[in-house]
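Here's the structure, in structure tokens; my notes come after.
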Amino acid sequence: MSVIAKDILQPEIIEDTRPDMLVCKDIAKIYPTPKGDYTVLSDLQLTIKKGEFISIIGHSGCGKSTLLTMIAGLNDISKGAVYVDGNEVRGAGPDRAVVFQSPSLFPWMTALQNVMIGVKQVFPHATKKQKQDICKYYLDKVGLGNDFNKRASELSQGMQQRVGIARGFALKPKVLLLDEPFGMLDSLTRGELQDVLLEVWQKEQITAIMVTHDVDESIFLADRVIMMTSGPYAKIGDELRIPFERPRNRVDILEHPDYYQYRGYLMDFLNH
Amino acid sequence: MKERILQLTGIQAFLAPWISVIKGEEVQKNVQALLKSYIYPLLSILLFIGIWHAGATYLFNKEATAKIEKARTERGEAGALEMQNCIISGDVSCQPNTLPSPAKVWDAYLSLLADHKIISAKKDAFELKVAKTNEKRIAKGQDPITYTGRPSFVDQIKTSLKTVFAGFLLAAFIAIPIGIIIGLSTTLRTSFNWLIQILKPVSPVVWLLLVFMIVKTVMSDSDMDKSFMISFISVGLCSMWATLVNTSMGVSTVDKDFVNVAKVLKLSIGQNIFKVVLPSSLPMIFTGLRITLSVAWMVLIAIELLAQSPGLGSFVWEEFQNGASDSNAKIIVAMFVIGMIGFMLDRIMMVVQKMMSFNK
């Protein structure tokens, strides 16, 4: 059933000629437990082209966040390897910026300082003015133009996550990793932030991977939705191209005749 | 800033109902708030004084009866009558020695203040007298002559405060750096944990003896104030544990998200400590310092009492040994002063602690 649906949805697969930005090769995550090894992920293959926006969906606990933290270098890779721009990943680094689920801003710093601490690491030789300009540019883009000097603890959750997004982009990463960045927000704020994210991304065209369990979010944002099977031994079960034109607009997408077919296809996968 | 301090100290909340009543806003609600925050506490104070007074009267009568009976058995009916008259007349030589009544404590307080005025006047006069001589002595490179008369009660309080702050600073300078180092490394934490756990519950008295042993030897040929050194080092050693444990705890339990951000940004070890670990553990460190200060003040009195160093502790002990008619009342005055200063110190630390916490 699902295979037929896919054929109808995607009769022709256009060869993507962009270079590979991120390659996950045979990667596995195994946690040793007293009762023997517990394999969360196994033999997982994933290739992402430069400038592609990927979203990964799957049930809670399927290991999608584990996969993302392994790419980020925050979690050891048990088997296999991750390559970014041809180089094998060793440990975390600002070339793979992460927007975490909780905003993870330092509450004792202002919004500007929170972005600045990253910018200083990535552009150590820039002048102070240049660094300031970078921070202000991105904060302005995410709608915090008037709140540079507000303490992070004084901002609302949604505002904090905007700063988190600004910090991610300001690092000029090769890959931007988003770990359910809107999971803790109410649905109105979530919609606003999706728009903000998409707007900045449209300008920067940074390769992005977003983990989510929101089907609509994954369709709206991504070029390709990766569906993961439930763990243990989770792997990529299926993938779906979302060929909507960019720049995207929420209303146009919701009214697009194919939208519900894509949505149905993803829901079908998740419900089986 | 001023408003913020008022708010943090609780002064604002304390004064708010008055202001509202005077302005005529929500009178009934604010009168109730006034009752709650002024009248009831005031009633509880009156109740306390009442019980104290009743208890003191009972003890006084009991002691007086015993004295009269004793006089009767020793010197017969005439002796008993003489003793009774003596007690009623208020003669200091035959007053029953027991818990003083609130009124006596108040008198003792006033007499201590008066005493302070007399001593300060003497001190000023003395300084004026030796001013010229001292100038000459200093010019010659000699030590100036200082007043060595009996210290007043207020002087004792100042000395105690000086000692407690010296001890507190010592505790902070030892405990915070060690706490940070221990907190950063699991290995160090597990290897030193036994030492901390064993030393933490050691009584102030034992610390004092230990410090005495060391200071006596180290400073055998120095003419610095040994008793001050001994008491403030003991206070520091007794009180530093709360800060040490809290600092290492704060440093070792930095939010996992912050650690991840630091990793992604590839912060250096120095940046990690000063930009992430320290700021995020500041609230814990200041909670520790607050406990340290209150412990320091509490053990100070005991230590001064034992070390024979000047201060409130030795004041209490001297009055107890003295046994004059108003000695007991003076001890009670000292007790209230100690309590109130402790309360004030804790309030100050609470304000600092609140200013340091970022989850406002």
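Global size of region B:238-339: 22.0, 73 Å for Rg and Dmax (C-alpha atoms, Rg to one decimal, Dmax whole). Specify whether the C-alpha gyration tensor of region A:77-229 places it in the rounded, prolate or oblate class, a ≥ b ≥ c being the square roots of the eigenvalues: rounded for a/c under 1.5, otherwise prolate if a/b is larger than b/c and oblate if not. Oblate, because a/c is 1.5 or more while a/b does not exceed b/c.
Pairwise alpha-carbon distances in chain A exceed 26 Å for 43% of all pairs. Across region B:27-131, C-alpha contacts under 8 Å between residues 6 or more apart give a mean separation that, scaled by the residue count, equals a relative contact order of 25 percent.
Keeping all protein chains in place and using 1.4 angstrom, which order do B:SER309, A:SER156 fall into by accessible surface area, from largest down? Before the final figure, lay out the partial values.
Details: B:SER309 5, A:SER156 65 Å².
Greatest to least solvent exposure: A:SER156, B:SER309.
Average projection, convex hull of the Cα set of chain B: 30.1 square nanometres. Taking the C-alpha atoms only, the angle from helix B:11-23 to the longest principal axis of chain B is near 70 degrees.
Using only Cα positions of region A:182-272, each an equal point scatterer, no hydration layer, compute I(q)/I(0) via Debye at q = 0.20, 0.26 Å⁻¹ and quote the log10 values to two decimals. For the requested q values the scattering log ratios are -1.08, -1.53.
State whether region B:157-201 is rounded, prolate or oblate according to the following rule on the C-alpha gyration tensor (a ≥ b ≥ c being the square roots of its eigenvalues): a/c under 1.5 gives rounded; otherwise a/b larger than b/c gives prolate, and the remaining case gives oblate.
Judged from the Cα gyration tensor, region B:157-201 comes out oblate (a/c at least 1.5, b/c at or above a/b).
Ellipsoid fit via the Cα gyration tensor, region B:287-347: semi-axes of 24, 13, 6 Å, each the root of five times an eigenvalue, largest first.
Counting protein heavy atoms only and a 1.4 angstrom probe, how many square angstrom of accessible surface do chains A and B bury in total, to the nearest 100?
The buried area between A and B, both sides summed, comes to about 1700 Å².
A straight line joining the Cα centroids of region A:39-74 and region B:300-360 runs 62 Å. Counting only DSSP beta bridges whose two residues both lie in the protein assembly as shown, roughly 55 percent are antiparallel. One Cα centroid belongs to region B:123-142, the other to region B:8-70; the line between them spans 49 Å.
Our summary gives chain A a relative contact order of 26 percent, counting only alpha carbon pairs under 8 angstrom and 6 or more residues apart.
Count Lys and Arg as plus one, Asp and Glu as minus one, and take only other residues whose Cβ is under 14 Å from that of B:GLY339; the net charge is then 0. By the Stokes-Einstein formula, at 0.890 mPa s and 25 °C, region B:100-148 with its Kirkwood radius over alpha-carbon pairs has D equal to 189 µm²/s. Computed over region B:172-249, the convex hull of the alpha-carbon atoms projects to a mean area of 5.4 nm².
Summing Lys, Arg as +1 and Asp, Glu as -1, what charge do residues with Cβ under 10 Å from the Cβ of A:LEU139 carry, A:LEU139 excluded? Spelling it out: positives minus negatives among the neighbours equals +2. Calculate the tail of P(r) for region B:151-356: the fraction of all Cα-Cα distances greater than 31 Å, expressed in %. For region B:151-356, the fraction of Cα-Cα distances above 31 Å is 30 percent. With Cα atoms defining each centre, region B:248-279 and region A:93-109 are spaced 12 Å apart in the structure. Summary value for region B:151-356: 29 percent relative contact order, contacts being C-alpha pairs under 8 angstrom separated by 6+ residues. Starting from the Cα gyration tensor of region B:56-113, take the square roots of the eigenvalues, sort them a ≥ b ≥ c, and report rounded, prolate or oblate (rounded when a/c is under 1.5, otherwise prolate if a/b is larger than b/c, else oblate). Because a/c hits 1.5 or more and a/b exceeds b/c, region B:56-113 counts as prolate.
By the Cα gyration tensor, the protein assembly as shown has an equivalent ellipsoid whose semi-axes, rounded to whole angstrom, run 73, 29, 25 from largest to smallest. For region A:169-255, GluC sites (Glu not before Pro) are listed when DSSP marks them as loop and at most 16 other Cβ atoms sit within 10 Å of their Cβ; the list is A:GLU245.
With the charge dipole of chain B set up from +1 on Lys and Arg Cβ and -1 on Asp and Glu Cβ about the Cα centre, the Cα lying farthest toward the positive end among the listed residues B:GLY55, B:VAL299, B:THR73 is that of B:VAL299. Kirkwood's formula applied to the C-alpha pairs of region B:2-92 gives a hydrodynamic radius of 17.7 angstrom.
Projected onto planes of every orientation and averaged, the convex hull of the alpha-carbon atoms in region B:50-165 covers 12.1 nm².
Between the Cα long axis of helix B:327-356 and the first principal axis of chain B there is an angle of about 20°, rounded to the nearest 10.
The values are calculated or read from the model by the stated rules, or taken from the named source; none is laboratory data. Since this is a predicted model, take the numbers as computed values, not measurements. For neighbour counting, all protein chains shown are included, and Cβ atoms are generated from backbone atoms with ideal geometry for every residue, glycine included. Areas reflect the complete protein model, heavy atoms only, side chains present, ligands, DNA and RNA absent. Shrake-Rupley method; radii C 1.70, N 1.55, O 1.52, S 1.80 Å.
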